[in-house]
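The values are calculated or read from the model by the stated rules, or taken from the named source; none is laboratory data. In this text the structure is predicted, and so the values were computed from the model without any measurement. In this analysis, Cβ positions are derived from the backbone assuming ideal geometry, glycine residues included, and neighbour counts consider all displayed protein chains.
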Amino acid sequence: MSTRQKTILVVLFTVFFCLSTIASSAVAQAVRAGYAAKTIFFLPFFVAQKMRYYDAEGLKVELIHMGSAAVSLQALVAGQIHFSGQNPDGIIIFNEKGGNLKTIGGLVNGVAYTLVGGKAYKRIEDIKGARLGVASLKGGGTTFLLEYLRTKGLVYPRDYTLAVISGGTPARLAALEAGSIVAAVLGIPHGDIAIDRGFNNLGNVGEAIPAYQFTAITANPAWAEKNGAVVVKFLKAHIRSIRWIYDNLEAAAEFATKEVGVPATYARRGIDYFIKTKLYPRDGSITIEGIKVNLEVLAKDGLLNPPLPSPEKYVDLSYLKQAQKELGM
């Protein structure tokens, strides 16, 4: 084969590859998924995008930083996003007021929060009368904070006030360092970072509520029912990303450092903790028992009235089961 013929073949191959890529992009289903903050709590989303698991399913997923669960919920209802990674508490309360959203897959099936006090606040009793930083006034890490402090004899709002700080754990850590709050619940590994910087460990708030569905993937049934195949594809990519994290701990830690911005030592510590405690559900599952606890805590806080509904009321596992089936699980 002459040099000219080889050149022509290379050009034709390049054109064919480019056209194939364009065609593939053209038919890819565009969807948007919201997340509260760029932390390892949402690492499976970033892995699925960067490792091209979404692409492999024919999806073009835009990950959108929402800042808070409340904003995510509003965007989901308005159709501005199609999937939301958030605490089920807000979904439960919304549905009890006449809404209709469903959790369809697990993201973080448990708790990884530490209550961290400012450098002058070394004991729980030191924060009495003080201002604490939270992501929201209800649900999520706030639920754990209220319950944990209740077991220590401090009751909200009698004994302390709450300040809502959007932007997730990194924003609360920044507020703590700036002195605008005296304590905050910080997710792993940011809690470790704060403690190593001289702030005080006031306890693992997860001790107060052992079983809990902390973060789940939520969808609007009005959209999901019309786009069932897309939902299944999204969940397949999600499961594949979690499997990758379990099977590649070193690479996952490096990924967390690069994509989420967590220092290497803390990234590995955080990944190890999430894997050891199985906070990431390897099969993408939701803990029904965990959502039952969500309901019980909401009732204790006066946000739900007994008799409590069945946890299944807020869950649709049909898409997850199909995704697991297609993955041979």
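Looking at the structure I just gave you, is TYR246 assigned to a helix (DSSP H, G or I), assigned by TED's automatic domain parsing to the domain that holds GLY90 and closer than 30 Å to LYS119 by Cβ? Here the answer is no, as TYR246 does not meet what is asked.
Checked against (1) without any contact (Cβ under 8 Å) to a residue 12 or more places away in the chain; (2) at positive phi, LYS278 passes all but condition (1).
Looking only at residues in the range 14-39 that are among the β-branched types (Val, Ile, Thr) and at pLDDT below 90, which one is nearest to the chain's Cα centre (by Cα)? So, considering only residues that are among the β-branched types (Val, Ile, Thr) and at pLDDT below 90, the one nearest to the chain's Cα centre (by Cα) is THR39.
Considered as a group, the residues in the range 157-194 that are at pLDDT below 90 and at positive phi include one that is surrounded by the most Cβ atoms within 10 Å (Cβ to Cβ), and that residue is GLY168.
GLU259 - would you say it is within 23 Å of LEU59 (Cα to Cα), out of contact with any Pro (no Cβ under 8 Å at 6 or more places or on another chain), assigned by TED's automatic domain parsing to the domain that holds PHE45 and in contact (Cβ under 8 Å) with a residue 40 or more places away in the chain? In short, yes.
The sole residue among LEU303, LEU317, LEU279 that is surrounded by fewer than 17 Cβ atoms within 10 Å (Cβ to Cβ) and touching a strand residue (DSSP E or B) at 6+ places or on another chain (Cβ under 8 Å) is LEU317. When the range 282-329 is filtered for residues that are among the hydroxyl-bearing types (Ser, Thr, Tyr), within 30 Å of LEU145 (Cβ to Cβ) and in a helix (DSSP H, G or I), only TYR314 remains.
Criterion first (at pLDDT 85 or above, out of contact with any Lys or Arg (no Cβ under 9 Å at 6 or more places or on another chain) and within 24 Å of GLY270 (Cβ to Cβ)) does SER72 satisfy it? Spelling it out, SER72 is indeed at pLDDT 85 or above, out of contact with any Lys or Arg (no Cβ under 9 Å at 6 or more places or on another chain) and within 24 Å of GLY270 (Cβ to Cβ).
Could you please let me know if LEU115 is buried (at least 16 other Cβ atoms within 10 Å of the Cβ) and either touching a residue at least 40 places away in the same chain (Cβ under 8 Å) or not in a loop (DSSP other than H, G, I, E, B) (or both)? When the stated conditions are applied, LEU115 passes them.
Every condition in (1) over 16 Å from PHE214 (Cα atoms); (2) outside any loop (DSSP other than H, G, I, E, B) is met by PHE274 except one, and the failing one is (1).
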